[in-house]
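The values are calculated or read from the model by the stated rules, or taken from the named source; none is laboratory data. None of these values were measured; they are calculated from a predicted model. Here the Cβ positions follow ideal geometry from the backbone for every residue, glycine too, while neighbour counts run over all protein chains shown. Surface accessibility is based on the protein's heavy atoms, side chains included, excluding ligands, DNA and RNA. Shrake-Rupley method; radii C 1.70, N 1.55, O 1.52, S 1.80 Å.
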Amino acid sequence: MNLLQQKIITEGQVLSDSILKVDSFLNHQIDPQLMKYIGEEFAGLFAEAGITKILTIESSGIAPSVMAGLSLGVPVVFARKRKSLTLVDQLYSSKVYSFTKNETNEISIANSYITSDDVVLVIDDFLANGQAALGLIDIVEQAGATAAGVGIVIEKGFQNGGNLIRERGIRVESLAIIDSLSDGIVTFKGENSR
Ligand code: G4P
Ligand code: NA
Ligand code: NA
């Protein structure tokens, strides 16, 4: 079990068969030491991919992305979910539907921050139905840049997002893949369920 998986076991709270709460280190309070580890893991996995930029989405994707950007020596851009007051630039936008929240958000970035020369690593905290990651990939494609892959902190393997992205031929690397949250127990992929 890696550091992240240990942290999930000790501090994660299983709220239902499909929702894992990790507010103590990822979604509310942030554990910088763990984020550093996560950033280095992503950097190692994508070291040979020629990454020039990391693209994530506010808010919980930012912390792991910044640490990965530090390790890879590349800038980090985060898509906004609400239009900024100062946003007078030309935008790339994509509509992202959340099955969990039953709402659609338009995410956007100023088009100056990704160019057709960029090789982009998309990072997010959770991968559930994959809509956020697909929206980010859509933005990369609009910019004419290359999507080198997706780095995910926690993938819920029992939901469809991972399949949707992988079947497009895009590399997905998840640091923890959860197979099941049944009966309040976290089971990781490759672990024997009891
Ligand atoms: P999708 O992009 O994979 O389709 O995800 P979905 O719409 O289902 O998720 C909506 C929000 O809920 C996202 O955060 C996502 O990270 C988060 N989420 C989904 N499943 C879980 C879960 O089991 N546990 C936790 N803790 N979060 C989950 P967001 O609204 O973008 O918020 P933010 O945290 O980035 O600000
Ligand atoms: Na997120
Ligand atoms: Na989130």
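To put it simply, the accessible area of the chain at a 1.4 Å probe is 46 percent carbon and sulfur.
Residue by residue, the range 12-20 carries 3J(HN,Hα) couplings of x, 10, 7, 7, 6, 5, 10, 10, 10 Hz when phi is fed to the Karplus relation 6.51 cos²θ - 1.76 cosθ + 1.60 (θ = phi - 60°); x denotes Gly or Pro. The residues of the range 2-188 have, on average, 47 Å² of accessible surface per residue, using a 1.4 Å probe with all protein chains present.
Pairs of alpha-carbon atoms within less than 8 angstrom and 6+ residues apart define the contacts here; what relative contact order does the range 120-194 have, in percent?
Values: 131 pairs, mean separation 21.7, N = 75.
After rounding, I find 29 percent.
Only Lys, Arg, Asp and Glu carry charge here, each on its Cβ (+1 for the first two, -1 for the last two); on that basis the chain has a dipole of about 260 debye about its Cα centre.
Rounded to the nearest 5, what is the percent of antiparallel bridges among the DSSP beta bridges in the range 2-188? Intermediate values should be presented prior to the final figure.
Working: 13 of 34 bridges.
Close to 40 percent.
Determine the relative contact order of the range 2-188: mean sequence separation of Cα pairs under 8 Å and six or more apart, normalised by residue count, in whole percent.
Details: 381 pairs, mean separation 37.6, N = 187.
Answer for the range 2-188 is 20 percent.
Given a Förster radius of 45 Å and the C-beta distance between Ile9 and Gln90 as r, what FRET efficiency does 1/(1 + (r/R0)^6) yield to the nearest 0.05?
Values: r = 45 Å, r/R0 = 1.01.
For R0 = 45 Å, the calculated efficiency reads 0.50.
Which shape class applies to the range 32-161: rounded if a/c is under 1.5, otherwise prolate when a/b exceeds b/c and oblate if not, where a ≥ b ≥ c are the square roots of the Cα gyration tensor eigenvalues? Please list the in-between numbers first.
Numbers: a/c = 1.56, a/b = 1.12, b/c = 1.39.
Oblate shape, in that a/c is at least 1.5 and b/c is the bigger or equal ratio.
Label positions at Gln33 and Ser182, each projected 7 Å from the Cα along the C-beta direction, are separated by 3.6 nm. In this label model, Ser59 and Asn163 are separated by 3.3 nm, measuring between points 7 Å along each Cα→Cβ vector. The local environment of Phe126, defined by Cβ-Cβ distances under 10 Å, has a net charge of -2 under the rule Lys, Arg +1 and Asp, Glu -1.
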